[in-house]
Amino acid sequence: MEPSIFKSYREWLEHEQMPKGKKAALVAAMELFAETGFDGTSTSQIAEHAGISQATIFKYFHTKQDLLLAIVKPVMQHLFPEYRDEFFLGMSKCETLPDLIHFIVTDRYAFISKNAEVVKILVMEMMTNQEIRELLHQLIATNDYNFLSELMGNFQRTGELRDDIDSAAILRVIGGQLITYTIQRRYAPGWVGDEATDLRNITAQIIRTISQ
């Protein structure tokens, strides 16, 4: 069965059938992990922020790592939409490389910006958390839909992709630009300008980087 459409972790949590204490723990942990980092946040701080006891946290999550995974895993699964037929359908309708880049930048920026807190957590934890890195690898490299193959096929059919660019490089270029920009926009707004203009400039820069 195809998962329901996922736009925002907060919105997803609101519709999930789970105890209020569990939801409160997840929201509080997300906010604190994004603000002070995973290692800089204690379960006692999470409990206080959520208005629950530490016992409630450990009732639903055996460890703080389990709590972290319960936050980042749903977003990671939807950031790389191997099951999202409409995403690849949208890509298939793009005839040129600029059209394709514009579609991906617009589509994925909308998702990343609505999940900026979790994306920030992912960026911070990716450098030190082996389990997070392994989960990311599994989502990209070992799924039935073959995300990387589908992605590369759409770029290659335009006939405009550089010969020395592979799917991993495409992900680095597009993902790096969008994630960095989203974090800057949320946490360092003085570094960015008008959103529409910035996205056009990001699109143009990506096109210059990967096109022949």
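So for segment 14-87, Kirkwood radius off the Cα pairs, Stokes-Einstein at 10 °C and 1.306 mPa s: how many µm² s⁻¹?
In µm²/s, the coefficient is 122.
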### Query
Taking the Cα centre of the chain as the origin, how large is its charge dipole in debye, to the nearest 20, when only Lys and Arg (+1) and Asp and Glu (-1) carry charge on their Cβ atoms?
440 debye
### Added length on full extension, which subtracts the Cα-Cα distance from 0.36 nm per residue, THR36 to SER211
59.1 nm
### Task
Would you please state the base-10 log of I(q)/I(0) at q = 0.10, 0.11, 0.16 1/Å for the chain, with intensities from the Debye formula using one equal scatterer on every alpha carbon?
-0.48, -0.58, -1.12
### Task
Take ILE179, ILE202 and sort them by solvent-accessible surface of the protein heavy atoms, 1.4 Å probe, largest at the top.
ILE179, ILE202
### Message
Of GLY21, THR63, TYR9, which is farthest towards the positive pole of segment 1-71's charge dipole, taken about the Cα centre with +1 and -1 on the beta-carbons of Lys, Arg and Asp, Glu respectively?
### Response
GLY21
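By per-residue mean of other Cβ atoms within 10 Å, what is the highest-first order of 88-96, 55-63?
Per-residue Cβ counts within 10 Å, averaged per peptide and sorted highest first, yield 55-63, 88-96.
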### Query
When the convex hull of the Cα atoms of segment 101-190 is projected onto a plane and the area is averaged over all directions, what value comes out in nm²?
7.0 nm²
### Query
Using helices alone, what [θ] at 222 nm do you get for the chain, with -39,500 (n - 2.57) per DSSP H run of 4 or more residues, divided over all residues and rounded to the nearest 500?
-22500 deg cm²/dmol
### Summary
Share of accessible surface on carbon and sulfur in the chain, whole %, 1.4 Å probe and ligands ignored, is 52 percent
### Task
Could you check the simple spin-label distance between LEU136 and VAL123, using points 7 Å along Cα→Cβ, in nm with one decimal?
1.2 nm
### Task
Hey, could you grab the Kirkwood Rh for segment 62-131? Inverse mean 1/r over distinct alpha carbon pairs, Å, one decimal.
13.7 Å
### Message
For the ranges 40-47, 118-125, 132-139, 10-17, what's the packing order if you count other beta-carbon atoms within 10 Å of each residue, average per peptide, and put the highest first?
### Response
118-125, 40-47, 132-139, 10-17
### Message
Shape verdict for segment 142-196, please, from the Cα gyration tensor: rounded (a/c under 1.5), prolate (a/b greater than b/c) or oblate.
### Response
prolate
#### Entry: Positive-end residue, segment 106-188 charge dipole about Cα centroid, Cβ charges, pick of ALA169, TYR187, MET124
TYR187
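The values are calculated or read from the model by the stated rules, or taken from the named source; none is laboratory data. All of these numbers come straight from a predicted model, not from anything done at the bench. With ideal geometry, Cβ positions are generated from the backbone for all residues, glycine too; neighbour counts draw on all protein chains shown. Surface areas here come from the heavy atoms of the whole protein model, side chains and all, with no ligands, DNA or RNA. Shrake-Rupley method; radii C 1.70, N 1.55, O 1.52, S 1.80 Å.
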